[in-house]
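The values are calculated or read from the model by the stated rules, or taken from the named source; none is laboratory data. This structure is a prediction, so every number in the text was calculated from the model and none was measured. Neighbour counts run over all protein chains shown; Cβ positions are idealised from the backbone, glycine included. Side chains included, ligands, DNA and RNA excluded: accessible areas come from the protein's heavy atoms. Shrake-Rupley method; radii C 1.70, N 1.55, O 1.52, S 1.80 Å.
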Amino acid sequence: MAGEDCVRKRPSGSTTTYKSPENEETQRRPDGDRSFQNSSNGRVDVDHVITRKMQLIAEAEQLKPVFMKEVDSHFTEFVNSLVAKSALLDSSSPASLFPASCSEKELHKAKALRAPPEHGKIFTARRSLLDELFEVSHIRTIYHMFIALLIVFILSTLLVDFIDEGRLVLGFDLLVYVFGKFPVVFCTWLCMFCATVTIPYNLFVWWAQGYCSSSHRVIYSLFYGTLFTLFQTVGLGIGPTYVAVSYALPPASRFIVILEQVRLVMKAHSFVRENVPRVLSSVKEKSGSVPIPRISQYLYFLFAPTLIYRDNYPRSPMVRWGYVATKFAQVLGSLFYAYYIFVRLCIPQFHNSNQETFNLRGLVLCIFNSILPGVLILFLVFFAFLHCWLNAFAEMMRFADRMFYKDWWNSTSYANYYRTWNVVVHDWLYYYAYRDFLWFFGKKFKAAAMLSVFTVSAAVHEYVLSICFGFFYPVLFCLFMCFGMLFNFILNDRRKGPIWNVIMWTSLFLGQGVIICLYSQEWYARQYCPAESPTFLDYLKPRSWSCHVQM
């Protein structure tokens with residue numbers, strides 16, 4: 001047989017012997033490995049095992065950065081290719097889809113074919129970033145550290161009260177005060193919401209139905225545009241503000257009313273802004289039907305956690321009620337967290353601050369003592385509202401696009417920080433303030449458009465704080481317009497590297513200290529030094545600068 005012949009032909013006296021795979025592997029090993037295998041008459045050399053293990057660990061540590069860099073590079077390329085493909089699909093006909101194999105050059109060419117700017121924001125199903133990060137045990141430990149700090153605050157408060165009073169004081173007088181007069185708040189919100197449901201929608205429907213047959217379309221549109229502007233200014237603008245001031249609502253209750261006022265104004269504007277061009281386009285193309293959204297679509301938009309109107313949004317398949325309960329519990333926990341921060345870190349510091357003369361030394365000490373509570377409040381506002389509150393409503397509404405924020409904590413520039421801190425508000429400002437400004441005045445005025453967006457944002461923030469605190473003290477406006485604009489140009493997107501992230505966080509810490517210090521001083525000054533017959537200038541002049549003279 002052929003096999004037997006091969007065996008017979010094998011030379012018996014040849015110096016070359018048959019090598020098994022195991023023998024070849026043994027010969028290829030370095031001397032250290034062979035000595036490890038045969039040392040001590042078959043017994044394992046423990047020192048050699050430890051040495052070899054340390055070598056493997058060192059090699060793994062050297063390979064880890066390279067591996068992570070490669071993963072990050074491939075992941076970035078993958079995401080960029082997906083974005084390019086989706087943009088090409090949005091702007092191309094069904095016959096011009098991507099082939100199965102698409103090269104990098106074709107993907108770069110696809111950027112020129114992306115959807116035109118008037119298409120606006122594209123919604124897609126995605127999770128919130130913290131929900132993904134909390135699946136990593138290292139990141140979840142940071143969350144546990146904040147819970148441990150809350151437990152320490154609670155214990156310290158209970159122990160101090162027990163030592164001072166001889167009993168446990170479990171009252172929450174501060175929370176009861178700041179959320180007082182809740183029936184007035186609920187009635188005000190209900191009136192605002194019902195008015196926003198009926199008036200903007202009906203005004204748009206009447207305008208859209210009569211626009212096609214109108215012989216004076218400009219005058220017709222100006223009439224309905226004036227009515228809508230009056231509703232935005234008087235109905236949603238002056239009305240809730242008057243209720244908040246005349247009923248002397250406490251600070252947190254005022255925050256609820258004013259923030260809902262701003263939210264509904266932005267929602268109504270987005271609904272009209274997105275649907276008016278559709279009607280104009282259908283009339284220009286002489287389409288037989290006028291595109292009017294259903295009232296159910298508009299009602300869903302009013303509850304959805306977005307300020308950009310669409311007829312339809314990506315939806316999740318089901319509602320996870322356990323997830324909703326967890327998020328609302330975290331909101332409640334953040335509320336008590338803020339309460340203990342004010343009780344332990346703010347009130348003892350500012351309660352007697354007006355007994356001292358207002359000077360530079362006291363101001364500097366106040367700012368640096370306010371950095372810790374200011375940063376904690378910043379984290380709580382972000383976590384409670386932008387993550388927990390919006391995700392809870394998104395889950396109940398089955399709203400699948402959960403990108404309410406991005407990784408703002410990794411920002412190396414203030415330009416990136418402004419884009420990623422609050423994506424919901426940033427999208428509204430970008431599409432309806434920045435881009436509309438460029439559309440009206442031309443693309444050459446980008447700096448003016450950016451300045452106008454900063455001014456609008458700063459003015460609205462200062463308006464909210466002025467109404468809620470009951471006095472005008474434009475600290476936030478000055479920080480926003482002066483340092484915010486300056487840092488936006490200095491710490492721009494060209495700044496990369498860890499040092500710029502450190503600079504951004506340092507300035508952010510100092511800014512939070514300034515805000516907490518100055519607004520708290522002004523609040524207590526107006527409590528201790530009230531004006532007997534206040535005039536309009538008394539609401540504008542800072543009381544904390546002269547309150548010590550009257551005490």
**OP:** State the extension gain, in nm to one decimal, for the chain segment bounded by TYR242 and LYS446, taking 0.36 nm per residue of separation less the distance between their alpha-carbons.
**Re:** 69.8 nm
**OP:** Have a look at segment 475-521 and give its Rg and Dmax from the Cα atoms, expressed in angstrom.
**Re:** 12.0, 38
Subject >> For segment 386-498: span of alpha carbons on each principal axis (Å, largest first) >> reply: 41, 39, 37
Original post:
Going by average Cβ neighbours within 10 Å, how do the peptides 434-444, 379-389, 261-271 rank, with the highest at the top?
Top reply: 261-271, 379-389, 434-444
Original post:
Rounded to the nearest 0.05, what FRET efficiency do ARG52 and ALA459 have when you use their Cβ-Cβ distance and R0 = 51 Å?
Top reply: 0.15
**OP:** Give me the distance between the Cα centres of segment 395-462 and segment 261-333, rounded to whole Å.
**Re:** 18
**OP:** Pull out the extension gain between LEU540 and PHE182, defined as 0.36 nm times the separation in residues minus the alpha carbon to alpha carbon distance; nm, one decimal.
**Re:** 126.1 nm
Original post:
Could you state the principal axis extents of the C-alpha atoms in segment 481-551, from the largest down, to the nearest angstrom?
Top reply: 55, 21, 14
Original post:
Can you work out the base-10 log of I(q)/I(0) for segment 255-348 at q = 0.26 1/Å, using the Debye formula on its C-alpha atoms alone?
Top reply: -1.25
Original post:
Roughly how many nanometres apart are two label points built 7 Å out from the Cα toward the Cβ at LEU332 and PHE509?
Top reply: 3.5
Original post:
Modelled label-to-label distance, SER213 and SER281, 7 Å Cα→beta-carbon offset: nm?
Top reply: 2.6
**OP:** Please report the Cα spread of segment 202-324 along all three principal axes, rounded to whole Å, starting with the longest.
**Re:** 53, 43, 16
**OP:** Can you tell me how much longer the chain between CYS529 and LEU159 gets when fully stretched, taken as 0.36 nm per residue apart minus their C-alpha distance, in nm with one decimal?
**Re:** 129.9 nm
**OP:** Rounded to whole Hz and in sequence order, give me ³J(HN,Hα) for segment 152-158 from the Karplus expression 6.51 cos²θ - 1.76 cosθ + 1.60, θ = phi - 60°, writing x for Gly and Pro.
**Re:** 5, 4, 5, 5, 5, 5, 5
**OP:** Search the structure for amide H atoms under 5 Å from the amide H of ASP401, placed 1.01 Å from N in the peptide plane, and list their residues when 5 or more places away or on another chain.
**Re:** ARG126
Subject >> Nitroxide proxy distance, nm - points 7 Å out along Cα→Cβ at ALA195 and TYR220 >> reply: 2.8
Subject >> When the convex hull of its Cα atoms is projected in every direction, mean area for segment 421-551 (nm²) >> reply: 10.4
Original post:
What per residue convex hull volume, in Å³, do the alpha-carbon atoms of segment 230-290 yield?
Top reply: 71
**OP:** Whenever you get a sec, line up MET504, MET397 from highest to lowest accessible area (probe 1.4 Å, protein heavy atoms).
**Re:** MET397, MET504
